[in-house]
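The values are calculated or read from the model by the stated rules, or taken from the named source; none is laboratory data. Nothing here was measured: the structure is a model prediction, and the numbers come from that model. Reconstructed Cβ throughout: ideal geometry from the backbone, glycine too, with neighbour counts over all protein chains shown.
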Amino acid sequence: MMNLPLRAIRYQVVDYLLKPIEIQDLIVTVNKIEAKSKSRNGKQVFDADLLTQLSTGHRPIPQRFAMSDRSSIDFVSLDDIICVETHKGKDKTEVVVKGHEKNEFILSNTPIKEVEKKLQSTGTFFRVSRSCLVCVTAIKSILRNAQYTIVLTNGKKIFISRNGYKTLIDFMEKNFETKV
């Protein structure tokens with residue numbers, strides 16, 4: 001681990017305050033920061049919080065998932081995936097992403113089980129059937145007619161069984177601490 005003085009130099013620290021903070025020391029430090037900022041003539045000042053996040057591995061960069069088929073490799077942010085579906089008799093996976101219309105998707109050779117392993121780390125994906133994973137934050141509504149239907153934010157409809165409906169509701173209540 002890098003010692004604190006070296007980190008302070010790297011982050012261009014202006015001053016160091018100890019707790020309990022004295023008001024006069026805080027005022028002097030703020031004045032130093034303002035003077036340093038004015039002396040840069042509009043040049044970018046480094047964001048110490050961002051640099052700390054990057055150096056400690058807490059990166060705000062979204063996780064991305066690589067999906068390939070014969071013609072391309074698509075990199076999709078996990079935050080953008082709405083649902084993942086596969087169809088009986090087909091070994092390809094359809095990935096629906098935010099911004100896609102009802103029948104748009106990215107076709108991938110990645111099996112749904114591999115996609116599920118990656119997506120489970122987010123805590124927002126739920127397998128509603130053997131052939132479909134859904135991001136629960138992308139669920140617009142659940143229709144409880146003769147057949148249970150999930151309506152996603154892009155208008156896509158996904159049919160689920162009564163048992164799938166019950167386990168989805170349990171999942172949402174547990175993970176989002178809400179009563180449905």
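Here are the numbers:
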quantity: Single residue of G155, G164 found to be touching a residue at least 24 places away in the same chain (Cβ under 8 Å), farther than 22 Å from L78 by Cβ and not basic (K, R); calculated: G164
quantity: Hey, V76 at pLDDT 80 or above, within 25 Å of S129 (Cβ to Cβ) and not in a loop (DSSP other than H, G, I, E, B) or not; calculated: yes
quantity: L133 within 24 Å of S72 (Cα to Cα), out of contact with any Cys (no Cβ under 7 Å at 6 or more places or on another chain) and of a type in the set (A, V, I, L, M); calculated: no
